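Asker: Please read through the structure below; I'll follow up with questions.
The values are calculated or read from the model by the stated rules, or taken from the named source; none is laboratory data. Computed from a predicted structure; not experimentally measured. Positions of Cβ are generated from backbone atoms using ideal geometry, with glycine treated the same way; all protein chains shown enter the neighbour counts. What goes into the accessible areas is simple: the full protein's heavy atoms, side chains included, and nothing from ligands, DNA or RNA. Shrake-Rupley method; radii C 1.70, N 1.55, O 1.52, S 1.80 Å.
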Amino acid sequence: MSKHFDALETRSADQRAADLAQALPEQFARAQRLPGYAATLAGIDAAAVVDTAALARLPVLRKSDLTGAQATDAPFGGYAALAAAGFEHIFQSPGPIYEPGRTGHDWWRMGRFLHALGIGAGDIVQNCFSYHLVPAGMMFENGARAVGAAVLPAGTGQTELQVRAAADIGTTAYAGTPDFLKVLLDKADTMGVALKIAKAAVGGGALFPSLRAEYADRGITCRQCYATADLGNIAYESEAMEGMIVDEGVLVEIVRPGTGDPVPEGEVGEVVVTSLNPDYPLIRFATGDLSAVLAGTSPCGRSNLRIKGWMGRADQTTKIKGMFVRPEQVAAFVSRHEEVSRARVVATREGEMDVMTVQIETRAANPKLYEGTLLDTLKLRGKVELVPPGTLPNDGKVIEDLRSYD
C-alpha cells in the first residue's frame, strides 16, 4: 500500500492554489445555476472567485436556509434541479434536512481517511454506522470500497450477533462511533471470544484520550475523521496525530461565530466549508461546529491545511431576561466600534434574576462609551466590563451561559 491516497495530498502550495483557481470558479458557476443560490449569488462574476479571499466576501449558507427551502420545494429545496441528476440515494438528517447521495467512486471522500489509517485490500470492515435514513453507513461503505476493503454492513445494536460475526469472518477493521467499539470489545470479553480488529475508523462523537489509549492497549490503532451528512469527509487524522488534515475535496474557513468573517490563524471560530463536489455544490456552508487552524503542515507529508478538530458548537444562542441573544448580535456590536477587537456576553444569576455582563476587549477606559450600542444591538441593558485586547479566552465563545439549571 502506498503511503498516500493520491498525488493531491502532497501538492505544493503553488500547485494547490493553481488547481483551486481553476476548480472554484467552475463550482461557483454550478451553484449560481441552482434556484437556491439565485438571489444570494446573482451578479457575482464566477471567474473572480478563485481563492478563499474571494470566498470570504460571499454570504454564508446555513442549515436553516436549507430546511426553509426544502419546506416549500421538496426534496432538495433550492437544489431541486439536482434531483434530475439521478441520485441513487436520498437521506434524512434531523431538521429534517434531505441530502443526496451517489454510489460513484469515493463520492463521500472517505477513502482518503481509511487509506491513511492503513485500511485496504484484504481488510474486512465491520461498518457499525447506521444505514437507516442517515447517510453515515453508506458514507463509510463507499469509502471502504474505494480502498478495496470488504464490508460487513452491521449497523448499530445487536452486540452479541455482531461479536459472533466479527469472530466468524475475521473482521480486521471497525467503522463506527468511538464508544460502540468498546461495547463490542467488552461483549466479546464476556463471551470469551477473541477478535482480530486492529484498526478503528471513528467519527460522529467525541474520541476521548482515555478511550483511544484503551484501544491502543488492546492493539487497535484508532483514528477519527470529521464529516457531515451534507459535505462528506471534511478532515481526518493521519499517522502524525497532529490535528486533522483537511480533505482535498473541500475548502475550510474558520470564521467568527454569527458572521462570515475569517478569524486569524489559531483563533477558534465556526467551521465554514465550500464543497468541490460537482454533484452537490455547497458554497460557504456553515457547519455550526467550532475549530481552529493549526500553523504549518503535517509531518506525514500531506500538505493541506490542518485544523484542531471538533471543539464544540458555534450556535450559542441564549435567552437572557426573556430575550434571545444571538452571536450575530454580538458581532454587530463589535462592528460598530473599530477599537473593539472581541466581545463576550456572559449570562449569570443574582438571586432569581438574570444578569448579562458584556466583556469587551478594548483599550478604551470608559464603559459608558458602549452602553448605547449594546442596547441597540442586544436589545438589553447589562453590565459592561472592559478588558485589554487578548484577554478573552480563545475558545470561540461569544455567548457564555454560566447559569445552573439543576
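Asker: Looking at the range 345-397, which of its residues are among the β-branched types (V, I, T) and within 26 Å of E270 (Cα to Cα)?
Answerer: From the range 345-397, those among the β-branched types (V, I, T) are 345-346, 348, 355, 357-358, 360, 362, 373, 377, 384, 387, 391; that's our starting set.
Passing the criteria: V345, V346, T348, T357, V358, I360, T362, T373, T377, V384, V387, T391.
Asker: Residues of the range 299-348 being open to solvent by less than 20 Å² (accessible area, probe 1.4 Å) and charged (D, E, K, R), which ones?
Answerer: If the condition is that a residue be open to solvent by less than 20 Å² (accessible area, probe 1.4 Å) and charged (D, E, K, R), then R302, R306, R344 are the ones that fit.
Asker: Could you say which residue among G296, G351 is more than 30 Å from F113 (Cβ to Cβ), open to solvent by 40 Å² or more (accessible area, probe 1.4 Å), without any contact (Cβ under 8 Å) to a residue 12 or more places away in the chain and out of contact with any helix residue (DSSP H, G or I) (no Cβ under 6 Å at 6 or more places or on another chain)? Lay out the reasoning, then the answer.
Answerer: Details: G296 fails: more than 30 Å from F113 (Cβ to Cβ).
It is G351.
Asker: Does Y215 satisfy the condition of being in contact with a Ser or Thr (Cβ under 9 Å, 6 or more places away or on another chain), among the aromatic types (F, W, Y) and open to solvent by less than 40 Å² (accessible area, probe 1.4 Å)? Break it down into steps so the answer makes sense when it comes.
Answerer: On the way: in contact with a Ser or Thr (Cβ under 9 Å, 6 or more places away or on another chain): yes; among the aromatic types (F, W, Y): yes; open to solvent by less than 40 Å² (accessible area, probe 1.4 Å): yes.
Here the answer is yes, as Y215 does meet what is asked.
Asker: Can you name every one of the strands (runs of 3 or more DSSP E) wholly within the range 144-242 that holds 2 or more residues which are under 25 Å from C300 (Cα atoms)?
Answerer: Details: elements: 150-153, 173-176, 199-202, 221-228, 232-236.
Once the strands (runs of 3 or more DSSP E) in the range 144-242 are filtered for at least 2 residues that are under 25 Å from C300 (Cα atoms), what remains is 173-176, 199-202, 221-228, 232-236.
Asker: How about the range 200-234: which of its residues are under 24 Å from T172 (Cβ atoms) and of a type in the set (D, E, K, R)?
Answerer: R212, E214, D217, R218, R223
Asker: Determine, yes or no, whether R145 is farther than 26 Å from S2 by Cα, open to solvent by 60 Å² or more (accessible area, probe 1.4 Å) and not aliphatic (A, V, I, L, M). Spell out how you get there, then give the answer.
Answerer: Details: farther than 26 Å from S2 by Cα: no; open to solvent by 60 Å² or more (accessible area, probe 1.4 Å): yes; not aliphatic (A, V, I, L, M): yes.
In short, no.
Asker: Return the residue satisfying two criteria in turn: it lies in the range 99-139 and is surrounded by 20 or more Cβ atoms within 10 Å (Cβ to Cβ), closer than 22 Å to D168 by Cα and not β-branched (V, I, T), and of such residues it is farthest from the chain's Cα centre (by Cα).
Answerer: Selected residue: D123.
Asker: Turning to a different aspect of this structure: Mind checking which strands (runs of 3 or more DSSP E) fall wholly inside the range 250-338 and carry at least 3 residues that are more than 17 Å from the chain's Cα centre (by Cα) and either more than 30 Å from D6 (Cβ to Cβ) or among the aromatic types (F, W, Y) (or both)? Give the derivation first.
Answerer: On the way: elements: 250-255, 269-275, 285-291, 318-320, 323-325.
Result: 318-320, 323-325.
Asker: In addition: So which residues in the range 11-30 are of a type in the set (A, V, I, L, M, F, W, C) and either closer than 22 Å to N304 by Cβ or open to solvent by 60 Å² or more (accessible area, probe 1.4 Å) (or both)? Quick ask: steps written out before the conclusion?
Answerer: Within the range 11-30, the first condition is being of a type in the set (A, V, I, L, M, F, W, C), and the residues that meet it are 13, 17-18, 20-21, 23-24, 28-29.
Residues satisfying the conditions are A13, A17, A18, L20, A21, A23, L24, F28.
Asker: Here's a check for you: in the range 165-179, which residue that is modelled with pLDDT of 95 or more and of a type in the set (V, I, T) is farthest from M191 (Cα to Cα)?
Answerer: Among residues in the range 165-179 that are modelled with pLDDT of 95 or more and of a type in the set (V, I, T), the one farthest from M191 (Cα to Cα) is T172.
Asker: Output the residue which, of all residues in the range 358-379 that are within 17 Å of A332 (Cα to Cα) and open to solvent by 20 Å² or more (accessible area, probe 1.4 Å), is modelled with the lowest pLDDT.
Answerer: If we filter the range 358-379 for residues that are within 17 Å of A332 (Cα to Cα), which is where we start, we get 358-362, 369-379.
Now drop any that are not open to solvent by 20 Å² or more (accessible area, probe 1.4 Å), which leaves 359, 369, 371-372, 375-376, 379.
Working: Q359: 97, L369: 93, E371: 93, G372: 93, L375: 92, D376: 92, K379: 89.
This residue is K379.
Asker: What pairs come out if I take residues in the range 387-400 that are within 13 Å of I360 (Cβ to Cβ) and pair them with residues that are open to solvent by 70 Å² or more (accessible area, probe 1.4 Å) and of a type in the set (D, E, K, R) whose C-beta lies under 8 Å away, six or more apart or interchain?
Answerer: Within 8 Å, the pairs are P388/R363; P389/R363.
Asker: Of all residues being of a type in the set (A, V, I, L, M) and surrounded by 21 or more Cβ atoms within 10 Å (Cβ to Cβ) in the range 256-272, which is farthest from L114 (Cα to Cα)? Just the residue, please.
Answerer: Here is the first cut: in the range 256-272, the ones of a type in the set (A, V, I, L, M) are 263, 268, 271-272.
Then drop every residue that is not surrounded by 21 or more Cβ atoms within 10 Å (Cβ to Cβ), which leaves 268, 271-272.
On the way: V268: 27, V271: 23, V272: 24 Å.
Here the answer is V268.
Asker: What pairs can you find where one residue is in the range 324-345 and farther than 16 Å from N394 by Cα, the other is open to solvent by 40 Å² or more (accessible area, probe 1.4 Å) and not hydrophobic (A, V, I, L, M, F, W, C), and their Cβ atoms are less than 6 Å apart, with a gap of 6+ or different chains?
Answerer: That search, which allows pairs on different chains as well, returns F324/T317; R326/T317.
Asker: Report, by residue number, each residue of the range 148-176 that is touching a residue at least 40 places away in the same chain (Cβ under 8 Å) and buried (at least 19 other Cβ atoms within 10 Å of the Cβ).
Answerer: Once the filter is applied, which keeps residues that are touching a residue at least 40 places away in the same chain (Cβ under 8 Å) and buried (at least 19 other Cβ atoms within 10 Å of the Cβ), the range 148-176 yields A166, T171, T172, A173, Y174, A175, G176.
Asker: Being among the aliphatic types (A, V, I, L, M) and either touching an Asp or Glu at 6+ places or on another chain (Cβ under 8 Å) or open to solvent by 20 Å² or more (accessible area, probe 1.4 Å) (or both) narrows it down to one residue among I220, I197, I234; which is it?
Answerer: I234
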